[in-house]
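One structure is given below, encoded as C-alpha cells.
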Amino acid sequence: ELKVEQNPLFLSMQEGKNYTIYCNYSTTSDRLYWYRQDPGKSLESLFVLLSNGAVKQEGRLMASLDTKARLSTLHITAAVHDLSATYFCAVNFGNEKLTFGTGTRLTIIP
Amino acid sequence: ETGVTQSPTHLIKTRGQQVTLRCSSQSGHNTVSWYQQALGQGPQFIFQYYREEENGRGNFPPRFSGLQFPNYSSELNVNALELDDSALYLCASSRPGLSSYEQYFGPGTRLTVT
C-alpha cells in the first residue's frame, strides 16, 4: 500500500523567511503533484513533477523531486501572507489515481 | 475551455438516505476520479471512471457507486448514508496520454449527514 507522509503538519513562519515542506512516499511512482487548498475551497494545482531531479518554480514556490530517495520538497522563499494555505503532495499510483499526503497547514505571520 | 464543475455545492442529508453528486469534466478530458476529503485530512481516492467503465477503486464499501456518461460527465452515488460520510467530495478530470499529466479538480460538494 502506497503511503505518503508530509512534514511538518503545521508550520507557522514569519514573512520574509524561507522554509521547506517535505513529502516522503513509500513505493516507486512516476509522478508527484503539489496542490494548494484554501479553507473551504477545492484544490489548486501548483506543480507536476515527472522525473528524477525535476525542479519547477513559480513565484516564491519551488518544488523538486528525488525518485531514488522517494522524496519531494516544496521550498518557500521570502514568504508573504498570501501563501497561507494548506499544501498537499500527491503521488500517482497508476493513470492519475492519486494518494495524498496528510497536508501541511502553513500560516504566515506578519 | 470550460473547467470542472460539480453540483450541488452543499447538501444536507439524514442518516440512511441516498445521495447523488454530479461532475462535469473539463473539455477534452475522458477520465473522472472521485475523492472524499474529511475535515482536516487529505483527499482519499474513491474510484475512477474511464470511457464509461470503472477503472480502479479505493478502499470504500460498495454503497459508494458511480457512473460515467458518453459526454464523460460522472455521478457519485452513496446509499445508506452514515455520519462518517460527511465530507467534501471532489472530482478531478484528466486525459491519460497528455504530456502535462494535469488533473483538474472541481470546486467540490460539501455533504453533511445528520
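The values are calculated or read from the model by the stated rules, or taken from the named source; none is laboratory data. Nothing here was measured: the structure is a model prediction, and the numbers come from that model. Because the Cβ atoms are built from the backbone with ideal geometry, glycine has one as well, and the counts that use them run over all protein chains shown. These accessible areas exclude ligands, DNA and RNA; they are computed on the full protein's heavy atoms, side chains included. Shrake-Rupley method; radii C 1.70, N 1.55, O 1.52, S 1.80 Å.
Looking only at the stretch A:16-23, decide whether some residue is within 24 Å of residue B:58 (Cα to Cα) and touching a Leu at 6+ places or on another chain (Cβ under 8 Å). Yes, there is a match, as at least one residue in the stretch A:16-23 is within 24 Å of residue B:58 (Cα to Cα) and touching a Leu at 6+ places or on another chain (Cβ under 8 Å).
Mind checking which residues of the stretch B:75-95 are within 14 Å of chain A (Cβ to nearest Cβ), within 16 Å of residue B:30 (Cα to Cα) and either open to solvent by less than 10 Å² (accessible area, probe 1.4 Å) or touching a strand residue (DSSP E or B) at 6+ places or on another chain (Cβ under 6 Å) (or both)?
Narrowing the stretch B:75-95 to residues within 14 Å of chain A (Cβ to nearest Cβ): B:87-95.
After this cut, where a residue has to be within 16 Å of residue B:30 (Cα to Cα) as well, the list is B:91-95.
Matches in the stretch B:75-95: B:91, B:92, B:93, B:94.
Of all positions in the stretch B:30-40, at least one carries a residue that is over 20 Å from residue A:37 (Cα atoms) and not hydrophobic (A, V, I, L, M, F, W, C).
Residue pairs whose Cβ atoms lie under 8 Å apart, separated by 6 or more positions or on different chains, with the first residue in the stretch A:90-102 and surrounded by 24 or more Cβ atoms within 10 Å (Cβ to Cβ) and the second outside any strand (DSSP E or B) and among the charged types (D, E, K, R), are A:91/A:31. For the stretch B:96-114, residues that are facing chain A (nearest Cβ under 9 Å) and either buried (at least 21 other Cβ atoms within 10 Å of the Cβ) or in contact (Cβ under 8 Å) with a residue 60 or more places away in the chain (or both) total 8.
Across the stretch B:33-58, the number of residues qualifying as more than 10 Å from chain A (Cβ to nearest Cβ) and either more than 13 Å from residue A:100 (Cβ to Cβ) or in contact with a Pro (Cβ under 8 Å, 6 or more places away or on another chain) (or both) comes to 8. Just one of (1) in contact with a His (Cβ under 8 Å, 6 or more places away or on another chain); (2) assigned to a strand (DSSP E or B) fails for residue B:23. It is (1).
When you check residue A:87 against the structure, is it open to solvent by less than 20 Å² (accessible area, probe 1.4 Å) and at negative phi, yes or no? Criteria met by residue A:87.
For residue A:40, the conditions (1) without any contact (Cβ under 8 Å) to a residue 12 or more places away in the chain; (2) open to solvent by 90 Å² or more (accessible area, probe 1.4 Å); (3) out of contact with any Pro (no Cβ under 9 Å at 6 or more places or on another chain); (4) within 11 Å of chain B (Cβ to nearest Cβ) all hold with the exception of (2).
Residues in the stretch B:75-114 that are of a type in the set (Gly, Ala, Ser) and out of contact with any Cys (no Cβ under 9 Å at 6 or more places or on another chain): how many? Before the answer, list the steps.
Of the residues in the stretch B:75-114, the ones of a type in the set (Gly, Ala, Ser) are B:80, B:86-87, B:92-94, B:97, B:99-100, B:106, B:108.
Retained after the next criterion (residues that are out of contact with any Cys (no Cβ under 9 Å at 6 or more places or on another chain)): B:80, B:86-87, B:94, B:97, B:99-100.
So the count comes out to 7.
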